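One structure is given below, encoded as C-alpha cells.
The values are calculated or read from the model by the stated rules, or taken from the named source; none is laboratory data. Computed from a predicted model, the values in this text were never measured in an experiment. Ideal geometry is used to build each Cβ from the backbone, glycine not excepted, and the neighbour counts take in all protein chains shown. Just so you know, the surface numbers come from the protein's heavy atoms only, side chains and all, with ligands and any DNA or RNA stripped out. Shrake-Rupley method; radii C 1.70, N 1.55, O 1.52, S 1.80 Å.
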Amino acid sequence: MAILDILEFPDSRLRTIAKPVAVVDDEVRQLVDDMFETMYEAPGIGLAATQVNVHKRIVVMDLSEDRSEPRVFINPEFETLTDEMEQYQEGCLSVPGFYENVDRPQKVRIKALDRDGKPYEMIAEGLLAVCIQHECDHLNGKLFVDYLSNLKRDRIKKKLEKLHRQNA
C-alpha cells in the first residue's frame, strides 16, 4: 500500500470530472487500498479518487472512530429522498484547516459498486448522507467551498495559495 499525495485547492486538477470505472479489477482494488491508507493517515473520513489525481469514480469512507467501518463506493450515484436540508460543518482534505457550514439534503439513496464490483443500494441519513454528497461533488469537479459566498471562497483560496508559496 502507498500514501498518495492529496491535491489542495485551488489546484485545477480538482475540477476534473471523473470517469466511470469500467471493470473492478486488481488495479482498482489496489487504488482503493491506497486511498484508505491515505485517508487514514491524513486523517480524514472520506476521500474521492479525484483528490489523489486519479480521475475515476471511486470514493472511500470510514465514519467510525476506530476505523472499523470502511466503505467503498465505485461509480456512486445518489438521489435525494427529502426536501429537508441539514447544515453540517464541512471540512475537506483538499481544503486543509478550513471548516464551513453547508446545507445539504439530509436523506439520500446511494447506488454504487463495492470493492468486488458487486452493485448495492443503501439509504443514508445524517453524516453519511452529507459525506457521500461531498465526495460525489469531488467526482464532479466541485468542492465544498463552491457552496460558500465568493468572499469566503476567495479568502480561503488566498490563504491556501500563500501557504503553498511558503511551503514551496
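The slack in the chain from residue 151 to residue 15, taken as 0.36 nm per residue of separation less the alpha-carbon distance, amounts to 47.0 nm. Computed over neighbours whose Cβ is under 10 Å from that of residue 18, the net charge equals +3, Lys and Arg +1, Asp and Glu -1.
For segment 41-168, the solvent-accessible area with a 1.4 angstrom probe is 53 square angstrom per residue. Here the relative contact order of segment 73-153, from alpha carbon pairs under 8 Å that lie six or more residues apart, stands at 29 percent. Rounded to 0.05, the FRET efficiency of the residue 103 and residue 42 pair, given R0 = 30 Å and the Cβ-Cβ distance, is 0.75.
The calculated Kirkwood hydrodynamic radius for the chain is 16.3 Å, given to one decimal from all distinct C-alpha pairs. As a length-normalised measure over Cα pairs under 8 Å and 6 or more apart, the relative contact order of segment 1-127 settles at 22 percent. For the options 15, 57, 67, a Gaussian network treatment of the chain with springs between C-alpha atoms closer than 10 Å singles out 67 as fluctuating the most. Taking 7 Å steps out from each Cα toward its Cβ at residue 111 and residue 64 produces label points 2.9 nm apart. Here's the list of lysines a cross-link from residue 56 could span, going by alpha-carbon distance under 27 Å and ignoring same-chain residues fewer than 8 apart: 19, 107, 111, 118, 142, 157. Projecting label points 7 angstrom from Cα along Cα→Cβ for residue 87 and residue 140 puts them 2.3 nm apart. Split the accessible area of segment 26-72 by element, probe 1.4 Å, and carbon with sulfur accounts for 42%.
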